[in-house]
Amino acid sequence: MKVTVEAERISVDHVAHLKPSGGSAATQLAAQLTGIHSAIKMLNSRIRVLHQYLVGMQKGDIPCENALLRQVSSLLRRLPATESEKFQDDFLMEYSDTLLVTYLATFTNCSSTMNDLVDKFNTAYDRHSRRGGRTAFI
């Protein structure tokens, strides 16, 4: 049984309960994903600023502030350990699941396109066979 993080559960619940209001669900989902992308970019930029500040403190360019170091240490202790065997297993499982869904979607698209192509060939050969030509393709 898989244990989800609270943020994942909230995201899945939110996507599951999207209701069209002036736009399609796909439009709303795209807008939500754009917002999440912007939030991640902002978080990344803030982490980069903090990293540069800490590197400056380590080099001695910026005076050392123990209160800030304690806050950073406290924040880092709250993060999950990403070097553990369990994390690697969970990450690879999620990655494999994502790849599988992507492959299935690609195969479904290809199958649909191939079916449309076969239908067009059958329609073309059906017209041709009525005039005394060949029989249907499939």
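Just a few scattered comments:
- Hits in region 69-117 - residues which are open to solvent by less than 90 Å² (accessible area, probe 1.4 Å), within 30 Å of Leu54 (Cα to Cα) and either part of a loop (DSSP other than H, G, I, E, B) or hydrophobic (A, V, I, L, M, F, W, C) (or both): Leu69, Val72, Leu75, Ala81, Thr82, Ser84, Phe87
- Residue count for region 52-68 satisfying the condition of being among the aliphatic types (A, V, I, L, M) and exposed (fewer than 11 other Cβ atoms within 10 Å of the Cβ): 1.
- Within region 104-138, the set of residues being modelled with pLDDT under 90 and β-branched (Val, Ile, Thr) comprises Thr106, Thr123, Thr135, Ile138.
The values are calculated or read from the model by the stated rules, or taken from the named source; none is laboratory data. Predicted model, so just to flag it, every value in this text is computed and none were measured. Positions of Cβ are backbone-derived with ideal geometry, glycine not excepted, and every protein chain shown enters the neighbour counts. What goes into the accessible areas is simple: the full protein's heavy atoms, side chains included, and nothing from ligands, DNA or RNA. Shrake-Rupley method; radii C 1.70, N 1.55, O 1.52, S 1.80 Å.
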